[in-house]
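Engineer: Please find one structure pasted underneath; my questions will follow.
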Amino acid sequence: MADAHPLVVDLFCGAGGFALGFHAAGCRILAAVDADAQTARSFRRNFHLLQPDHPPRVLGDEEDGDLNRPELDLDSLIGAGRPDIVIGGPPCQAFSRMGRAKLNSLSDEGFRGDPRNVLYRRFLAAVERWQHGAVVMETVTGMLSVGGVNYADVV
């Protein structure tokens, strides 16, 4: 029998606040990924308590949870399931106005040299691959204007 709850995959999941809202709305979290081991551990613990019969698969550390690694197989993350909804918050420090100012003060390359500013592409690759029903991506208003480019339009 099919799962009556919409299935959600959370990319760049952090500790799970975004997924918690979807869970509260009646969704089942299928899987989650984050490069930060601490936050992924919190996500795993909380959602194993919230969904004891269907705990999500959680990848979380600099090796397993790094969505920038081309060898990370997105299909292995979801197993036999297929998400109805893909959610996530790709890192936005490089897009935020304060983040850009700090990056520019620390490096000659500033924003352009920050590898986090292209991680939204991995999010979009998953969105395209899974052909789901809905997408929710969190970002910052600074994405509207970076060096004359509206990255929100690009996305």
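Engineer: Of all residues being over 16 Å from Tyr151 (Cα atoms) and charged (D, E, K, R) in segment 118-133, which is surrounded by the fewest Cβ atoms within 10 Å (Cβ to Cβ)? Just the residue, please.
Structural biologist: Glu128
Engineer: Within segment 56-76, track down each residue that is surrounded by 14 or more Cβ atoms within 10 Å (Cβ to Cβ) and either modelled with pLDDT of 75 or more or over 21 Å from Leu119 (Cβ atoms) (or both).
Structural biologist: Pro56, Arg57, Val58, Leu59, Gly60, Leu74
Engineer: Can you name every residue in segment 15-39 that is of a type in the set (Gly, Ala, Ser), surrounded by 20 or more Cβ atoms within 10 Å (Cβ to Cβ) and not in a helix (DSSP H, G or I)?
Structural biologist: Across segment 15-39, the qualifying residues are Gly16, Ala31, Ala32, Ala35.
Engineer: Does segment 97-116 contain any residue that is at pLDDT 70 or above and either surrounded by fewer than 12 Cβ atoms within 10 Å (Cβ to Cβ) or in a loop (DSSP other than H, G, I, E, B) (or both)?
Structural biologist: Looking for residues that are at pLDDT 70 or above and either surrounded by fewer than 12 Cβ atoms within 10 Å (Cβ to Cβ) or in a loop (DSSP other than H, G, I, E, B) (or both), one finds none in segment 97-116, hence no.
Engineer: Within the set of pairs 6+ apart or on separate chains, which have a first residue in segment 40-51 that is assigned to a helix (DSSP H, G or I), a second that is surrounded by 20 or more Cβ atoms within 10 Å (Cβ to Cβ) and of a type in the set (D, E, K, R), and C-beta atoms under 6 Å apart?
Structural biologist: Within 6 Å, the pairs are Ala40/Asp34.
The values are calculated or read from the model by the stated rules, or taken from the named source; none is laboratory data. Here the structure is a predicted model, which is why all the values come from computation and not from measurement. We place every Cβ from the backbone using ideal geometry, glycine too, and count neighbours over all the protein chains shown.
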